[in-house]
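First comes the structure, then the notes that go with it.
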């Protein structure tokens, strides 16, 4: 009996000692988290282009060790489904940073104080289980310190909370809920030290096609920042004893759950699918294209509406402009073919430049002589006289040889005309946009109605509305102002 007691005590000592040994491999990390935290992190991806949750955790942990992938920083983007354990894994990553990376300073910034507190609460549960001996004092409501000099703390969703903070790791949870000013300030908070790389982690579900998360994913692709994307099928439980042909989830699963090893209950997934819209379920749970329910041009499809279209000298050429200085000045070059298809062949987008500079750029980029431009349509507001200069944008352009035409119109009239060429009632489309028109394509996907308040008019967000306005001016003017063209043969 005494021998048994000592064996148990010895085993407990070994167990406690192993808790302080840092894993040195991906497999070892998975075993460590499973044994000491009770979390079996899924490590298989089932969908094309997706990762596993373990890919993210290994990236966070290994980036500061010699056995990890070498990079200048530990930045990453996590795009995962609702219930995909993003917040829990963020807490696991925070614990690993604090206990195995001495002097590591971690901050948690959620889309709300409640969201920040959730990740911190998970951290508290881990520490209260078997890691409390590593704490330096008690775990406080919003921060805790470790005996090795590391610390973790919650930041509130305010610029004052973020500014002046300099830490190694910043975990931004549910980025879609962030205040833009706070997020812009948060970009400057991370600093590297000799042994710990600075990292800013963006963690969220992508709710909207025009939200902050989409912008950050697009930027991550351009900057080659790692993106860890997983959906419901990467974290679903293994399917046993169910018939695929009789399962409501088979339209998405296609047998993938037979080889799964996650934790989301299949019945819960089916229930959520039935109680939500198709668009909402695909966005929130499958990480497909964002929910388009609030998008103005939900029928816009890059596979249909984007194609190489070049200048055709046999067709009339139009320009459409939206004026701006702090907001962008936008110009589109447009042709209409014999079948009535609107072909946007090029775009110009620039901020903080004079009309003289814009006029020069427009003339240089126009693929024919100014005399061959059928018409240049613009914002009626451009005819307003500026109190300082004593002139107007329309007058200045005309003085430089660019004759502009405009007419007053309601926003909704132009939007409806644009909807009609995106997809008519018979399902046909009369819009083609060159891949060169990056800003216009982005605007077509992201132009949206406001979340609250007046929902009849689209959001004037200063970003996506300007390219749309330019195209709208073309559509409302072209039929009114252009006379049939006579050609000589």
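Every number in this text was worked out from the coordinates using simple rules, so none of it is lab data. Just so it is clear, the model here is predicted, and its values are computed rather than measured. Every residue, glycine among them, receives a Cβ derived from its backbone with ideal geometry; neighbour counts consider all protein chains shown.
Stretched out straight at 0.36 nm per residue, the stretch from residue 361 to residue 265 would grow longer than its current Cα-Cα span by 28.7 nm. Within the stretch 302-481, the proportion of C-alpha pairs whose separation exceeds 29 Å stands at 17%. Rounded to the nearest 0.05, what FRET efficiency do residue 20 and residue 240 have when you use their Cβ-Cβ distance and R0 = 35 Å? The formula returns an efficiency of 0.40 here. Remark: 26, 20, 343 ranked as 20, 26, 343, counting other beta-carbon atoms within 10 Å and listing the fewest first.
Over the chain, the alpha carbon radius of gyration divided by the compact-protein estimate 2.2 N^0.38 Å works out to 1.22.
The simple spin-label model puts a point 7 Å past each Cα toward its Cβ; for residue 409 and residue 370 those points are separated by 2.5 nm. Shown for 36, 183, 377: other C-beta atoms within 10 Å of each C-beta, ranked fewest to most, produce the order 36, 183, 377. Extension gain for the segment residue 299 to residue 103, taken as residue separation times 0.36 nm less the Cα-Cα distance, is 65.4 nm to one decimal. What FRET efficiency do you get for residue 130 and residue 426 if R0 is 51 Å and r is their Cβ-Cβ distance, rounded to the nearest 0.05? Using R0 = 51 Å, I get an efficiency of 0.15.
Calculate the FRET efficiency for residue 184 and residue 258 from the Cβ-Cβ distance with a Förster distance of 35 Å, rounded to the nearest 0.05. About 0.15, to the nearest 0.05. Cα-based values for the stretch 27-233, radius of gyration first and Dmax second, are 15.9, 46 Å. Only alpha carbons enter this Debye calculation for the stretch 121-170, each as an equal point scatterer, and the log10 of I(q)/I(0) it gives at q = 0.18, 0.25 Å⁻¹ is -0.63, -1.01. Each part reduced to its alpha carbon centroid, the stretch 423-453 and the stretch 110-137 end up 44 Å apart.
The stretch 317-342 and the stretch 164-227 have Cα centres separated by 34 Å. How large is the helix-only mean residue ellipticity at 222 nm for the chain, computed as the sum of -39500 (n - 2.57) over DSSP H runs with n ≥ 4, divided by its residue count, in deg cm²/dmol to the nearest 500? Dividing the helical sum by the residues of the chain leaves -10500 deg cm²/dmol. Measuring nothing but how far apart in sequence close Cα pairs (under 8 Å, 6+ apart) lie, relative to its length, the chain scores a relative contact order of 12 percent. Looking only at the stretch 160-181, which residues have a backbone nitrogen under 20 Å from a spot 7 Å from the Cα of residue 112 in the C-beta direction? Residues 160-162, 171-181 qualify, since their backbone N sits under 20 Å from the label point.
Rg and Dmax of the stretch 19-70, both derived from C-alpha coordinates alone, stand at 11.6, 37 Å. Note on residue 385 and residue 461: the model spin-label points, each 7 Å out from Cα along the C-beta direction, lie 3.8 nm apart.
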